[in-house]
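*Asks:* Below is the structure I would like to discuss, written out as structure tokens.
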Amino acid sequence: MSLSEARFHDLVDATQQALEDLFDESGLDLDMENSGGVLTVKFEGGAQLIFSRQEPLRQLWLADRSGGFHFDYDPESGKWVCEKSEELLGEMLERIVWERAGEKLDFNEI
């Protein structure tokens, strides 16, 4: 069963808000911009993460210098899962943030 358009937007909005809150509370030196449904997180040193919604596919996309990743929402776990690696969004973000900023953040709720 696919997500309705409204449910998809609600899930992406909630995920982006949770990410903004987590990054705000982290103490990391970064800038964030959320515009037109695209959340951009810019780290000190120039690395950035870009989270965008792909409405036709009902996917959340993450762009990082290591590549582009497409996530489907799994209603059973309540988590976003990478369509290729099956890695959870939170797991991937923990690894990427460690690589980009040298900080361990807890993305378990994402």
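*Asks:* Could you grab me the full set of residues in region 1-39 that are more than 21 Å from Glu109 (Cβ to Cβ) and within 11 Å of the chain's Cα centre (by Cα)?
*Replies:* Val38
*Asks:* May I pose another question? Among the residues that make up region 83-104, is at least one of them in contact with a Lys or Arg (Cβ under 6 Å, 6 or more places away or on another chain) and polar (S, T, N, Q)?
*Replies:* Scanning region 83-104, I find no residue that is in contact with a Lys or Arg (Cβ under 6 Å, 6 or more places away or on another chain) and polar (S, T, N, Q), so the answer is no.
*Asks:* Could you pull out every one of the strands (runs of 3 or more DSSP E) wholly within region 1-83 that has 1 or more residues that are exposed (fewer than 13 other Cβ atoms within 10 Å of the Cβ) and touching a Phe, Trp or Tyr at 6+ places or on another chain (Cβ under 7 Å)? Don't jump to the end; show me each part of the working.
*Replies:* On the way: elements: 30-35, 38-43, 48-54, 59-64, 67-74, 79-82.
Per the criteria, 67-74.
*Asks:* When you scan region 31-47, how many residues do you find that are over 19 Å from Val12 (Cα atoms) and either touching a residue at least 40 places away in the same chain (Cβ under 8 Å) or not charged (D, E, K, R) (or both)? So that I can check it myself, show each step before the final result.
*Replies:* Of region 31-47, the ones over 19 Å from Val12 (Cα atoms) are 31, 42-47.
Adding the requirement that they be either touching a residue at least 40 places away in the same chain (Cβ under 8 Å) or not charged (D, E, K, R) (or both) leaves 43-47.
Selection size over region 31-47: 5.
Read-outs: derived from the displayed coordinates by stated rules, not from any lab. Remember, predicted model here, so these are calculated numbers, not experimental data. Please note: Cβ atoms are built from the backbone with ideal geometry, for glycine as well, and neighbour counts cover all protein chains shown.
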